[in-house]
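Please treat every number below as a calculation from the coordinates, not as lab data. All values reported here derive from a predicted model rather than from experimental measurement. Using ideal geometry, Cβ is built from the backbone for each residue, glycine included, and neighbour counts are taken over all protein chains shown.
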Amino acid sequence: MAEYAQNYKVLILTWLSLTLVTVTASHCVMAVTPSTPLLSFLERLQETAFETFAHSNFDPKTYVDMPLKSALTVTEDAFQKLPRNANGSVPVEDLKRFIEAYFEGAGDDLVYRDPQDFVPEPEGFLPKVNHPQVRAWALQVHSLWKNLSRKISGAVKAQPDLHTLLPLPGSVVIPGSRFREVYYWDSYWVIRWP
């Protein structure tokens, strides 16, 4: 777990120094201004997808998890050339083809990593739990640590401008399901600070 602790410290410091987001409050409404051209573009793509898919088959998180296949300028140029309806939406099939042509799959910039220190049933784990179903459940929950371990792919380090992930040097633990990246607040649940 020491490797994870170091990565979370690096993540927090990197996030604080690189991800400059301007937040302004007005009448309990928060406006977030993206800090990089990639984030600005992904915000426009999300808005277009929301208009295009008309609230169905739309998960705004998906778009920020998809690495670009080409340079941002090439992708933006193709995006600007998409046909538009009167309401600004793009025909569904055209947007689907665009996404397939210019984006990798969501989460493709993370790869599975088998944690070196994982033990299926650690010595002294749940020593007072005698109920077999409760013990089995606890061991099943414990096994999730192994399934949620990832490392950043080499592609993120090679071309960071195509990704929204920070190129962390070591392994991380992800929340799972549609949450495919590490969040700095997860460190509270993963590590114990000295």
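Size estimate for segment 127-166 follows the Kirkwood approach: the inverse of mean 1/r over distinct Cα pairs works out to 13.1 Å. Taking one quarter of the surface of the C-alpha convex hull of segment 110-188 gives a mean projected area of 6.5 nm². Cross-linked pairs LYS61/LYS96; LYS96/LYS151; LYS69/LYS96; LYS69/LYS146: Cα-Cα separations exceed 25 Å for LYS96/LYS151; LYS69/LYS146.
If Lys and Arg each add +1 and Asp and Glu each add -1, what is the summed charge of the other residues whose beta carbon sits under 10 Å from the beta carbon of LEU82?
Working: positive: LYS81, ARG84, ARG97; negative: ASP94.
Neighbour charge sum, excluding LEU82 itself: +2.
The ellipsoid that matches the Cα gyration tensor of segment 56-194 has semi-axes, each √(5λ) in whole angstrom, of 40, 18, 11, with the longest given first.
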